[in-house]
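What follows is a set of notes on a single structure, which appears directly below.
The values are calculated or read from the model by the stated rules, or taken from the named source; none is laboratory data. Everything numeric in this text was worked out from a predicted model, so none of it was measured. Cβ placement follows ideal geometry from the backbone for every residue including glycine, while neighbour counts extend to all protein chains displayed.
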Amino acid sequence: MTRLGPSLLALALSAVVPLRAQATPRPGTESSPPSALSASALLPPTLAEDAPARLPQGLHLDAPVTVELELTVDEAGDVVEARIVGEPPSALAQAALHAAPRLRFHPATSQGQPVAVRLPFTYRFEPPPVAALRAVLTGRVRAKGTRKPIAGAAVRADAATTETDAQGLFRLELPPGAHALKITAPGHRLLMLTETLDASQQLEVLYSLEPLAVNPYETVVRADRPRTEVSRVTLHEQELREVPGTMGDPFRVVMLMPGVTTLASGLSYPVVRGVQPAASAFYVDGVRVPFLYHLLVGNAVVYPDLVESLDFQVGVPSARYGSLLGGAVDAHVSRPREEGLHGSAYLDLIHAGAFLEVPFPETGTTVTAAARISYTGLLITRIANSLTGPSSTTIGGNVYSEPGEPKLYADYWDYQTRVEQRVGQGSLRVLALGTSDAVGLTARIPTQDSGGLGLLFHRLDLRGRHPFASGEAEVGLTLGYDRMSLAYNKGNIASGRYELTQGSVALRTGYTRELSSELNLEVFGHLERRDASMVAIGLFRPVGPVDGKDAYSRPGILGTFAGVGTQLTWRPSPRWTLVPGLRLDSYHGFGDTTRLAVEPRLAVRHALTDTLTLKAGAGLYHQPATVLLPVPAGEMLALERGLQRAAQFSLGSEWRPGAEWELSAEAYFNPLLRTLEFNFEDVLSNLRRRGLEAEDVESRGHSYGVELMMRRPLGRRWFGWLTYGFNQSRRFTRYAKVGPNGEELGMAEDYLPYAFEQAHSVNAALSYRFDFVTVGAVAHFNTGRPETGQFGYRTMREGLGEDGEPEWKPVSRDAVDRLPSFFRVDFRASRSLVFDNFMLDVYLDVFNVTARSEVLTRDYGYNDEVGQPVGLKRKSLGIPVILPTLGVKGTF
């Protein structure tokens, strides 16, 4: 027990030292010495909020002990410095120093103005009463619903007061009898109750405090690594759960970031700064995965509660990341909890999932498991199939039934398992994750075509971390398996099957060390062996002679990928940060020479003021040939064609005009020095050529643009952001010039817009928490991509045939139109209910609540409606992708 003394009201005025009187005078003025101040003009501070010091556990006193402090109290009444006077026992001195910063004063004033002062202050520690006559109350304070321990909660029983520790634990010694308890904690409702204790009784209790607001938008303070990358956006778990249109999935928020467009609305395949989705890299806690999203409109392949935060490096990725031309998305798995059983489960109209984390404190082990399964056929595919289902036509009073388009199906599942084990000062972790997707069409009648696409991957990762040579070393071993299969049926006959499988073994190492307060070193390396095979039957088997060199003739496709790199973080001054890095990567394919890639990287940040930071970066990047979307063995199928090569340059600024606002602006220019970008026709059709032997794939180009972002981070009742991206992406193209009547005029070449270029994109997100419900909306706008014919039909113009009848005529590649712009609004509303041991969230999330349809391509045909004149007819193709998700989620 402690008591405060002497009383601040009785402090001698001479003991209060005004700090303002000691300030250095400005040039040309005179300043009076401290003694010149009138004593009557200085009013000492008065105590506004007490902060008792706790007697350290295990320390017994035979007599009272005082600890003298000298406090520095600023103009706001806060204790900014506490210094021990004399030589009290060290344990008591530390207890006093720990409690002093929590004291609050009404500030001292000099001539009516608040001033900073120094003043003496005494803590008095008294021995407890005789233990035999007292009772002991111990327990834990936690939050109702989440069951998370509340640190710093005040537990008051009559005149006795204590605070909970980091685990929410407290201990009070009280005399026998009934005691009125008050438990308070910031952000929670006051809890009042009565406990009756007998002499010498030891009572253990558990108190749950109800939060003032459920799921409040509180600022998340974490030990993030310092900002060193040029274009990194870090999003934390609490900020990612309430974004409309994402179905509560953190990774889909990436699609709303500046510099990101997509192949089509609802597809979670980011086109980052004008390169193919396969040119970006996806990681789960350092483990590279082939894709991060389920097919079509699916969520990410990792359960949301397993993800703590993610880093999205939209441009100039650091030297940690290799074999990419675009951006890098790195998901960080949540840190395992070492106490209590935790988990969640949810059920909605699209999928269901469960998450469970079980710690074993006695062994330092934590086991985590999560799994999800979709049943899109119950709603989403039913809606899509109803739009393309059977129809009827009336001709001459007779009704004719039409079968409609084939039925759509789309299903997926995923799983994750983690075992984390403390080993001395380090840790050992096993992480297993996998996913499966199946998308396709089922014939409604025997004569219709059908088929489907399947994707699957598994990863098993063993990682160990341990202090080493004044730093930390990491070693990891990853086993992987990937498979892509495609089937096509002509009526009831199986016409073709295409399958790629790949197994891999990867070893990675890393070492970090703080060489000094200004210099930090990172060294990393990896070695990976891949073994792939290909099966092509029927339609997908190429025709023509086989020379034994193409992928179809090989018994297996082997590849070895290796790389080493280093990165320094140098802070020559508090306002400058320089991060030079260097990678050396090696690519070796079956029967091919080894190809080396040297990649220097540099990022520079300069804090021009406390609120304005300038940033710049540059780097060189390489990657094997890519297919539009990541496919197994994709990097090995055309490795003999060499590597893609690109540079990235970026310049921008970050401005924080206040604690609640962040603004950033960035301009970039990326020369694409050599590109090898295949589309699916190059890989899958192969009707006129073998493997990836297309002669017109190699190209070059560039992309440039501007990205703006205004962000209001988590805090109080709302958060949101507004982004704008301007992007131009060009490829050097040889094409046939076409005249006004479709006649060929010879070959030409030029830098033409990339097939998936969207020049302008805008995203506005806003979520607001009312007292009983949280609502939010996202507005998205993008301009249309060029109608190049790679992802549909090429632009055609009206003309006349040889017989003088109207006829569609092709246009040159440089004269194609752009598809119409697209706008949509997403909406989300959620309500959280708090129970003693769990929370229940009820949510409605609607992607594209405006029910707008994005035009994906145009069909150039003829009017064949009965009773209408025959003529040219252009029809826009595209369906409104609407995802209504109504669900519930329980968390404990």
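As for the stretch 245-256, it holds no residue that is over 21 Å from Thr613 (Cβ atoms), assigned to a strand (DSSP E or B) and modelled with pLDDT of 65 or more. I'd like the residue in the stretch 609-634 that is assigned to a loop (DSSP other than H, G, I, E, B) and without any contact (Cβ under 8 Å) to a residue 60 or more places away in the chain and, out of all such residues, is nearest to the chain's Cα centre (by Cα). The selected residue is Thr611.
When each of Arg335, Arg418 is tested for being at pLDDT below 90 and basic (Lys, Arg), the lone residue that passes is Arg335. Looking at the structure I just gave you, is Gly266 modelled with pLDDT of 80 or more, closer than 30 Å to Glu666 by Cα and not basic (Lys, Arg)? Spelling it out, it is not the case that Gly266 is modelled with pLDDT of 80 or more, closer than 30 Å to Glu666 by Cα and not basic (Lys, Arg). Identification of strands (runs of 3 or more DSSP E) wholly contained in the stretch 747-866 with 2 or more residues that are outside the structural domain of His188 (by TED's automatic domain parsing), over 33 Å from the mean Cα position of the chain (by Cα) and surrounded by fewer than 19 Cβ atoms within 10 Å (Cβ to Cβ) yields 796-800, 806-810, 857-862.
Residue count for the stretch 642-666 under the criterion of being crowded, with 19+ Cβ neighbours inside 10 Å and outside any loop (DSSP other than H, G, I, E, B): the result is 8.
Each row is one residue, and each column tells you yes or no for (1) polar (S, T, N, Q); (2) within 30 Å of Leu608 (Cβ to Cβ); (3) modelled with pLDDT of 90 or more; (4) in contact with a helix residue (DSSP H, G or I) (Cβ under 9 Å, 6 or more places away or on another chain).
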position	(1), (2), (3), (4)
Pro632	no, no, no, no
Gln644	yes, no, yes, yes
Leu651	no, yes, yes, no
Pro657	no, yes, no, no
Ala665	no, yes, yes, no
Tyr668	no, yes, yes, no
Val683	no, no, no, yes
Gly705	no, yes, yes, no
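Taken together, Gly510, Gly476, Gly454, Gly491 contain a single residue that is modelled with pLDDT of 85 or more and over 27 Å from Leu629 (Cβ atoms), which is Gly510.
Among the residues of the stretch 462-474, the ones that are out of contact with any Gly (no Cβ under 6 Å at 6 or more places or on another chain) and in a strand (DSSP E or B) come to 7 in all.
Quick one: count up the residues across the stretch 123-170 that are among the β-branched types (Val, Ile, Thr) and either modelled with pLDDT under 80 or assigned by TED's automatic domain parsing to the domain that holds Leu71 (or both). Residues that pass the stated criteria total 2. Residues of the stretch 640-654 that are closer than 14 Å to Gly315 by Cβ and among the hydroxyl-bearing types (Ser, Thr, Tyr): Ser650 alone. Number of residues in the stretch 511-525 that are more than 16 Å from Tyr321 (Cβ to Cβ), hydrophobic (A, V, I, L, M, F, W, C) and assigned to a strand (DSSP E or B) equals 2. Restricting attention to the stretch 58-100, the residues that are in contact (Cβ under 8 Å) with a residue 40 or more places away in the chain, closer than 30 Å to Ala41 by Cβ and not charged (D, E, K, R) total 5. For residues in the stretch 578-608 being basic (Lys, Arg) and touching a residue at least 60 places away in the same chain (Cβ under 8 Å), which is surrounded by the fewest Cβ atoms within 10 Å (Cβ to Cβ)? Only one residue tops the list, namely Arg605.
So, Phe756, is that one in contact (Cβ under 8 Å) with a residue 60 or more places away in the chain, under 22 Å from Arg700 (Cβ atoms) and hydrophobic (A, V, I, L, M, F, W, C) or not? So Phe756 passes the test. Is there a residue being modelled with pLDDT under 85, surrounded by 14 or more Cβ atoms within 10 Å (Cβ to Cβ) and among the aromatic types (Phe, Trp, Tyr) anywhere in the stretch 401-411? Yes; the residues of the stretch 401-411 include at least one that is modelled with pLDDT under 85, surrounded by 14 or more Cβ atoms within 10 Å (Cβ to Cβ) and among the aromatic types (Phe, Trp, Tyr). Within the stretch 173-198, no residue that is on the phi > 0 side of the Ramachandran plot sits with its Cβ atom under 9 Å from a residue that is loosely packed, with under 11 Cβ neighbours inside 10 Å and in a strand (DSSP E or B) at 6+ positions apart or across chains. Lys549 fulfils the conditions (1) modelled with pLDDT of 75 or more; (2) in a loop (DSSP other than H, G, I, E, B) except for a single criterion, (1).
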